[in-house]
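*Asks:* Encoded as structure tokens, here's the structure I'll be asking about.
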Amino acid sequence: PTQQDLAGQHWVITAGPTMEAIDPVRYISNHSSGKMGYALAAAAQARGAHVTLVSGPTQLDAPQGVKRIDIKSAEEMLSACHTATVTPADVFIGAAAVADFRMKEVASQKMKKTGDSDEMQLTLVKNPDVIATLSQAKAAKCMVGFAAETQDVIAYAKSKLERKGLDLIIANDVSRTDIGFNNDENQVTVLSKDQQWTPPKEAKSALAIELVELITQYQSTQS
Ligand code: PMT
């Protein structure tokens, strides 16, 4: 059995997509399967951490011993994360693919095609940035984000690290079809303010174990 060295720590991890309603039958979402976030939850739990997994809609079962809170929208995710961190957590990891925008107004009835137009306009408004809001609220001692990028991956990830006030950011090149969204494997680069690590491409379950180890080592250099 794995060493229970994270016993007594609380890790809060987000996973999966958010689902933003358009009307009672339609929504805006993305291709996140939740696999990366669930693997991280399992890896932290295996080392003895108390893990709260705030999850968008996925096909996955919660890892054994992990407390899962189901949410749909970004606003619900933020509220569930606030509740989970009333007492600040040790680590927060934002692995979820949070929709940046939601409908300005969700239609209360199914939207109808109108006979006279081939176009349809939806007005969207910005969602709250879950991880940036939590970081400002000091919701966890160590804040870890992901950066899903299709170009200039490292540069964009670095700017997100600073802008969102994070300790670590895990840069994920989502232009590649062999890793990232909905794959069983992933390859990432982990960045702190002044260091970077690139574990090999491997199964998300194996990568998650390495990421939990990296985060734990980073924590120990900070305290
Ligand atoms: O779920 P899988 O199929 O296993 O795929 C894994 C993954 C590709 C989804 C995952 O590895 C990943 O990269 N997750 C982050 C996806 C994302 O939305 O990245 P971003 O660069 O748009 O956001 C940067 C960070 O801010 C992320 O930690 C994100 O959770 C957070 N964010 C973004 C927008 C928002 N409104 N609130 C947020 O908290």
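*Asks:* Please report how far the C-alpha centroid of segment 120-152 lies from that of segment 1-79, rounded to the nearest whole angstrom.
*Replies:* Going from one Cα centre to the other spans 15 Å.
*Asks:* Still on this structure, please answer the following. Pairs of alpha-carbon atoms within less than 8 angstrom and 6+ residues apart define the contacts here; what relative contact order does the chain have, in percent? Provide the component values of the computation, followed by the final result.
*Replies:* Details: 475 pairs, mean separation 42.8, N = 223.
With pairs under 8 Å counted, the relative contact order is 19 percent.
*Asks:* Got a sec? How would M143, M36, M111 order by Cβ neighbour count within 10 Å, fewest to most?
*Replies:* M111, M143, M36
*Asks:* Using a Förster distance of 30 Å, how high is the FRET efficiency between V25 and R163, based on the Cβ-Cβ distance and rounded to 0.05?
*Replies:* Between V25 and R163 the formula returns 0.25.
*Asks:* In nm, what is the difference between 0.36 nm times the number of residues separating L122 and A7 and their Cα-Cα distance? Working shown, then result.
*Replies:* Details: separation 115, 0.36 × 115 = 41.40 nm, distance 4.74 nm.
Going from the current span to full extension adds 36.7 nm.
*Asks:* A follow-up question, please. Extending each Cα 7 Å along its Cβ direction at E202 and D70, get the distance between those two points in nm, one decimal.
*Replies:* Placing both labels 7 Å along Cα→Cβ, they lie 3.3 nm apart.
*Asks:* If you plug each phi of segment 151-168 into the Karplus form 6.51 cos²θ - 1.76 cosθ + 1.60 with θ = phi - 60°, what whole-Hz ³J(HN,Hα) values come out, in order, with x for Gly and Pro?
*Replies:* Values per residue, Gly and Pro as x: 7, 6, 3, 5, 5, 5, 4, 4, 5, 5, 4, 6, 4, 8, x, 9, 8, 9 Hz.
*Asks:* N182 to M111: FRET efficiency via 1/(1 + (r/R0)^6), r the Cβ-Cβ distance, R0 41 Å, to the nearest 0.05? All intermediate terms of the calculation are to be shown ahead of the outcome.
*Replies:* Values: r = 28 Å, r/R0 = 0.68.
Result of the calculation: an efficiency of 0.90.
*Asks:* Taking θ = phi - 60°, what integer Hz values does the Karplus form 6.51 cos²θ - 1.76 cosθ + 1.60 yield along segment 94-101, in sequence order, with x for Gly and Pro?
*Replies:* The phi angles translate into x, 9, 5, 9, 7, 5, 6, 10 Hz.
*Asks:* Subtract the Cα-Cα distance of D194 and S220 from 0.36 nm times their separation in residues, and report this length gain in nm to one decimal.
*Replies:* On the way: separation 26, 0.36 × 26 = 9.36 nm, distance 1.60 nm.
So the chain would gain 7.8 nm between D194 and S220.
Just so you know, all these numbers are worked out from the coordinates, no wet-lab data involved. Values in this document were obtained by computation on a predicted structure and should not be read as measured data. All Cβ positions, even for glycine, are placed from backbone atoms using ideal geometry, and neighbour counts span all protein chains on display.
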